[in-house]
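> Okay, handing you the structure first.
Computed from the coordinates by the stated procedures, all read-outs in this text should not be read as laboratory data. Because the structure is predicted, anything quoted here is derived from the model rather than measured. Cβ coordinates were reconstructed from backbone atoms using ideal geometry, including for glycine residues, and neighbour counts include every protein chain displayed.
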Amino acid sequence: MTDEDRWRRRFFAYTAVRLAGLAIFFVGLAIAYSNLARHGGWPQLGAIIAVLGALGTVLAPRQLKKGWDHQDQQDRDQ
């Protein structure tokens, strides 16, 4: 695998994780303000899911990068 292939895969993984976090955020909003979970909405559950989605959008890509940096450091040391 070339470096270009590795970085391409990492870019797509990074983007997919951010999009998944956004999707979870919007599902939380839908639960809070629509009849998706129950009639009249469910603001408490929707807010929890929306916050988790927002945190996932911000924090999960950072964790991916930390893991990749650690992996790259191990590859350099070998």
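> Give me the percent relative contact order of the chain, please, defined on Cα pairs under 8 angstrom at least 6 residues apart.
Values: 75 pairs, mean separation 23.8, N = 78.
Once normalised by length, the contact order is 30 percent.
> Okay, next question. Can you give the FRET efficiency to the nearest 0.05 for PHE26 and GLN78, using r as the Cβ-Cβ distance and R₀ = 35 Å? Numbers along the way, then the final one.
Numbers: r = 43 Å, r/R0 = 1.21.
According to the calculation, E is roughly 0.25.
> Express in nm, to one decimal, how much length is gained between ALA16 and GLU4 on full extension, taking 0.36 nm for each residue of separation and deducting their alpha carbon distance. Walk me through the numbers before you get to the answer.
Values: separation 12, 0.36 × 12 = 4.32 nm, distance 1.82 nm.
Full-extension gain reported as 2.5 nm.
> I want to verify a result. In a Gaussian network model of the chain, Cα cutoff 10 Å, which of these has the top mean-square fluctuation: ALA37, ALA20, ALA47?
The residue that fluctuates most here is ALA37.
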